[in-house]
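Take a look at the structure below.
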Amino acid sequence: MREIVFDTETTGLDPLQGHRVVEIGCVELLNHVATGRIWQTYLNPERDMPVEASIVHGLKDEFLCKQPLFATVVEAFLEFIGDAPIIAHNASFDMGFINAELVRHGYPALAKTRAIDTVSMARRKFPGAPASLDALCKRFGVDASSRHVHGALLDAQLLAEVYLELLGGRQPGLAMEAETASVTEDVVIEERAREFLAPRPHAPSEEELHAHEAFLAQIKDPLWKRT
């Protein structure tokens with residue numbers, strides 16, 4: 001089963017207000033395991049970058065004006081995601097922006113049914129608890145120390161780990177088998193001759209037999225003497 005963990009960075013909050021995508025990051029999963037294949041690009045939004053948005057992701061006009069237009073990377077993006085389900089944190093936001101770009105360039109929008117929203121997953125699993133990516137990384141012990149600002153690829157990589165934890169966590173048996181295989185390759189097993197110990201005596205001694213008979217003699221009307 002192939003899945004794509006997906007994130008975007010944008011110039012604002014609403015594509016209907018003219019805001020655009022400035023970064024796309026994708027991470028491939030196969031059977032709920034990261035394959036190491038990623039797809040990432042920065043984009044020239046063909047507009048100015050508001051200060052508020054730049055504070056969030058650190059991207060500025062001077063850098064973005066040198067990046068490719070969406071039209072030049074859209075085919076590569078669609079080829080990478082294929083027809084796989086798309087995992088995103090607050091999926092309606094990212095899907096809304098990417099679909100706005102696709103429609104703007106004459107491509108059909110991605111079906112909303114392809115999206116798996118990890119915010120909804122987290123709220124179902126932990127009702128009332130914070131469901132931000134930072135909060136979930138902290139809950140599951142995912143190292144987010146390098147996340148000083150938002151970044152589409154970095155956030156997609158963190159989200160891939162969070163998503164697997166929301167599904168129930170990694171299968172420990174896989175890690176144990178891999179660890180055992182790597183260790184046993186270097187272990188030399190020393191064969192030793194088996195040592196047999198002499199059996200311990202279990203029969204009662206004469207003293208113990210006399211003590212037992214004296215104890216039984218104190219019992220009045222024992223059952224084993226009745227006729």
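The values are calculated or read from the model by the stated rules, or taken from the named source; none is laboratory data. Note that the structure is a prediction, hence the values are computed from the model and not measured. All Cβ positions, glycine included, derive from the backbone under ideal geometry; neighbour counts span all protein chains shown. Areas reflect the complete protein model, heavy atoms only, side chains present, ligands, DNA and RNA absent. Shrake-Rupley method; radii C 1.70, N 1.55, O 1.52, S 1.80 Å.
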Filter result for ALA84 (within 18 Å of ALA156 (Cα to Cα), at pLDDT 95 or above, outside any strand (DSSP E or B) and not aromatic (Phe, Trp, Tyr)) | yes
Consider ILE81 carefully, then state whether it is under 17 Å from the mean Cα position of the chain (by Cα) and open to solvent by less than 50 Å² (accessible area, probe 1.4 Å).
-> no
If you go through segment 1-23 one residue at a time, how many are surrounded by 23 or more Cβ atoms within 10 Å (Cβ to Cβ), more than 13 Å from ILE86 (Cα to Cα) and out of contact with any Gly (no Cβ under 8 Å at 6 or more places or on another chain)?
-> 3
Conditions (1) at pLDDT 95 or above; (2) closer than 22 Å to GLN17 by Cβ; (3) out of contact with any helix residue (DSSP H, G or I) (no Cβ under 6 Å at 6 or more places or on another chain); (4) open to solvent by 10 Å² or more (accessible area, probe 1.4 Å): number failed by ASN44 | (3)
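Considering segment 59-75 alone, what residues qualify as being under 26 Å from ASP48 (Cβ atoms) and either part of a loop (DSSP other than H, G, I, E, B) or open to solvent by 40 Å² or more (accessible area, probe 1.4 Å) (or both)?
Correct list: LEU59, LYS60, ASP61, GLU62, PHE63, CYS65, LYS66, GLN67, PRO68, LEU69, ALA71, THR72.
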Within the set of pairs 6 or more residues apart or between chains, which connect a residue that is farther than 14 Å from LEU102 by Cβ inside segment 69-87 to a residue that is among the acidic types (Asp, Glu) with Cβ atoms less than 6 Å apart?
-> ALA84/GLU3; PRO85/GLU3; ILE87/GLU3
Taking GLU161, is it in a helix (DSSP H, G or I), exposed (fewer than 10 other Cβ atoms within 10 Å of the Cβ) and modelled with pLDDT of 70 or more?
-> no
Listed by first then second residue, the pairs whose first member lies in segment 15-36 and is modelled with pLDDT of 95 or more, whose partner is acidic (Asp, Glu) and not in a strand (DSSP E or B), with beta carbons under 6 Å and at least 6 positions apart or on separate chains, are VAL21/GLU101
Single condition GLU52 does not satisfy, out of (1) within 26 Å of the chain's Cα centre (by Cα); (2) modelled with pLDDT under 95; (3) not basic (Lys, Arg) | (1)
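Consider VAL56 carefully, then state whether it is outside any loop (DSSP other than H, G, I, E, B), open to solvent by 10 Å² or more (accessible area, probe 1.4 Å) and more than 16 Å from ALA100 (Cβ to Cβ).
yes
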Looking at ARG123, is it modelled with pLDDT of 95 or more, more than 21 Å from the chain's Cα centre (by Cα) and open to solvent by 60 Å² or more (accessible area, probe 1.4 Å)?
-> no
Would you point out the residue of segment 136-152, among those that are among the aliphatic types (A, V, I, L, M) and modelled with pLDDT under 95, that is least open to solvent (accessible area, probe 1.4 Å)?
-> ALA152
Filter pass, VAL27 being touching a helix residue (DSSP H, G or I) at 6+ places or on another chain (Cβ under 9 Å), part of a strand (DSSP E or B) and over 27 Å from GLY169 (Cβ atoms) | no
Some residue of segment 206-213 being at pLDDT 65 or above and in a loop (DSSP other than H, G, I, E, B) | no
